[in-house]
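Everything below concerns the one structure shown next.
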Protein chains: 2
Amino acid sequence: MSQQPSTSDTALTTLVGLAAYTELAAFGLLASRSADAPDLATRQTLATAAGEALGRQQRLLHLVDGGAAAVMAPFDGALADFDARTSPSSWAEGLLKGVVGLGVAQDLCRELSQGLPGGADAYRGAVGDLPMRDAATAVLAEAASADAVLAARLALWGRRVVGEALGLVPVLLAAHPPLAALGAAAREAAAEQGASVQPWLVSRLTAEHTRRMDRIGLAA
Amino acid sequence: MSQQPSTSDTALTTLVGLAAYTELAAFGLLASRSADAPDLATRQTLATAAGEALGRQQRLLHLVDGGAAAVMAPFDGALADFDARTSPSSWAEGLLKGVVGLGVAQDLCRELSQGLPGGADAYRGAVGDLPMRDAATAVLAEAASADAVLAARLALWGRRVVGEALGLVPVLLAAHPPLAALGAAAREAAAEQGASVQPWLVSRLTAEHTRRMDRIGLAA
């Protein structure tokens, strides 16, 4: 038996690296919006949501060997471009950036997990039902329903953020062959061999984005 | 039997409110220094420490009835003055502010818990051994040992921050009579009736501050 990591191990470790890095970014964005939240209840809600992102990250990291920083290292800086291109001009825009941008990244990881050789159950067990989105979504939905001008601005902002986030997908798949292989396997598992991988992924992520914006009460 | 909260309930709820608010502030400061940490390993270490602050907060809040925001509400804004007077000029100063300023607040709560009518066991069980300080302390100790100029600056900065933090003690006790009563009971429990409450508390907190700076390798 070889002591080299198997292809299966590499696929899981790479996916967990991206997902754990995404959750660390989600933690940071939610914690920042907690720190400058308009009231104590919102501050607490977003702090708790940030803590849940860390909890998901810890459960993800338990699926693989290696320290957190080592597992995430291949993705260090992977969101820097996205971050620079989506500099929010208000608190609500910053929160929506987290919900939309990191929602897309989380959805990408969930889609890719369908291609894992051992199946997606362990991965899905670790990330659960993504409760982070629910708390932040509720805060945004309340803000948007109370202010039509804000809602219109946020709808525009959401389109900009999702465009930048979807633009990351081909970059990530090209830079990390194990992720591209997972995408191909996930598409096969979904029995949708007709489409090539990237358009298939983007259509799945766009559909989920539309549902997410619906939950906030914003036009996608 | 009256349905009014007993003095004992009020003391515990007030102390938990201050302690929970302090942990929320610690979460925010650690998360902020995680977001702009110099490397991925430090970013992860401080995110985990921030998550531990939230964990302590949750365990504290379980000791009392009422939602998190309601229990903390009497202390909303209590740290604003401290925060404004200690605006850090570097990443390391920001982290030391969290370790020193919130360390003093955590120590204050632990000292006051000795005066709880039911004893300090439940409170001590909730906050544990304050591991938050350990992770951030290790990060600061490493930075200080590698750079004598930084260490000298941080020693000065620590004195400024602890001065502002200790200045909060009389303000908090005056604004919240249940805390003043806990202070008096804690001093009695320590069988140090000779000193009046505030000097006794300040001397205890100063001694703990000196030990904390020693652990970082900085002159107190």
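The values are calculated or read from the model by the stated rules, or taken from the named source; none is laboratory data. Keep in mind that what you see is a predicted model, and the values were worked out from it rather than measured. FYI the Cβ positions are ideal-geometry reconstructions off the backbone, even for glycines, and counts take in every protein chain you see. All accessible areas refer to the heavy atoms of the entire protein, side chains included, with ligands and DNA or RNA removed. Shrake-Rupley method; radii C 1.70, N 1.55, O 1.52, S 1.80 Å.
What the table shows:
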{"quantity": "Sole residue being more than 10 Å from chain A (Cβ to nearest Cβ), crowded, with 24+ Cβ neighbours inside 10 Å and under 18 Å from B:Gly128 (Cα atoms), chosen from B:Ala26, B:Ala53", "calculated": "B:Ala26"}
{"quantity": "Looking only at segment A:196-206, and only at residues there that are farther than 11 Å from A:Leu108 by Cα and open to solvent by less than 40 Å² (accessible area, probe 1.4 Å), the one that is modelled with the highest pLDDT", "calculated": "A:Trp200"}
{"quantity": "Residues satisfying the stated conditions in segment B:91-124, i.e. in contact (Cβ under 8 Å) with a residue 12 or more places away in the chain and among the small types (Gly, Ala, Ser)", "calculated": "B:Ala92, B:Gly94, B:Gly98, B:Gly101, B:Gly103, B:Ala105, B:Ser113, B:Gly115, B:Gly118, B:Ala122"}
{"quantity": "Candidate set: segment B:72-102, residues that are over 23 Å from B:Ile216 (Cα atoms) and open to solvent by less than 10 Å² (accessible area, probe 1.4 Å); chosen: the one farthest from the other protein chains (Cβ to nearest Cβ)", "calculated": "B:Phe75"}
{"quantity": "Criterion violated by B:Gly183 - all others in (1) modelled with pLDDT under 95; (2) buried (at least 17 other Cβ atoms within 10 Å of the Cβ); (3) within 18 Å of the chain's Cα centre (by Cα) satisfied", "calculated": "(1)"}
{"quantity": "Residue match in segment B:17-35 (condition: among the charged types (D, E, K, R) and closer than 19 Å to A:Ala41 by Cβ)", "calculated": "yes"}
{"quantity": "Failed item, numbered, when A:His62 is tested on (1) open to solvent by less than 10 Å² (accessible area, probe 1.4 Å); (2) at pLDDT 95 or above; (3) more than 10 Å from chain B (Cβ to nearest Cβ)", "calculated": "(1)"}
{"quantity": "Residues (part of a helix (DSSP H, G or I) and either of a type in the set (Lys, Arg) or open to solvent by 30 Å² or more (accessible area, probe 1.4 Å) (or both)) located in segment B:112-142", "calculated": "B:Asp121, B:Ala122, B:Arg124, B:Gly125, B:Pro131, B:Arg133, B:Asp134, B:Ala138, B:Glu142"}
{"quantity": "Which listed residue is within 14 Å of the chain's Cα centre (by Cα), free of Cβ contacts under 8 Å to residues at least 24 places away in the same chain and at negative phi, from A:Asp147, A:Asp129", "calculated": "A:Asp129"}
{"quantity": "Residues of segment B:29-45 classified as under 20 Å from A:Gly98 (Cα atoms), of a type in the set (A, V, I, L, M) and either open to solvent by 20 Å² or more (accessible area, probe 1.4 Å) or more than 8 Å from every other protein chain (Cβ to nearest Cβ) (or both), total", "calculated": "4"}
